[in-house]
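Chemist: Handing you a structure now.
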Amino acid sequence: ASYGATMDPFARAAVSSAPPIPVGLSGSHLEQHAARVNRRLAGFCRDDAQAWLVASGVAVPLLLLSYSSCVSYAQLICTGSPVNANIVTAMHVFASGLTGLVLPLRSHCPLIVPSADITVTLFYSTIVQDIVRSSQGLPE
């Protein structure tokens, strides 16, 4: 295994695109070559930081939208029942987070945005209401 196989892909691309070190370089010539390589690596790091900044700017509104749908749908499910809405919210957030990690990694579409579904939420609400109604006649 070579050193390049264990390197970060961005660093490997920067090093592979760097000019080769000429044989017999010494002193200031070697320092100039190292400076060129460092400038090229700094460009990759800068581009990487900008990409993360843009991705975060896109992800934060999607995160807030997904979280707010989890909270509001949990409130809808728990309305009129003794079920704690915080627990249902946590289950929705966990499922959305798990779906948001697993589906993009397992599919060929990395742009999947998970969120709670209103149709399933109404179904869950009906189930919770039926359970509450049937348990009202039971002794404590």
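Only the coordinates and a few stated rules stand behind these numbers; no lab work does. Predicted model, so just to flag it, every value in this text is computed and none were measured. Cβ placement follows ideal geometry from the backbone for every residue including glycine, while neighbour counts extend to all protein chains displayed.
Chemist: If R₀ is 35 angstrom, what is the calculated FRET efficiency for the pair Leu98 and Ala51, using the beta carbon separation as r and rounding to 0.05?
Modeler: 0.90
Chemist: Tell me, what are the semi-axes, in whole angstrom and largest first, of the equivalent ellipsoid of region 28-136 as set by the roots of 5 times the Cα gyration tensor eigenvalues?
Modeler: 49, 12, 10
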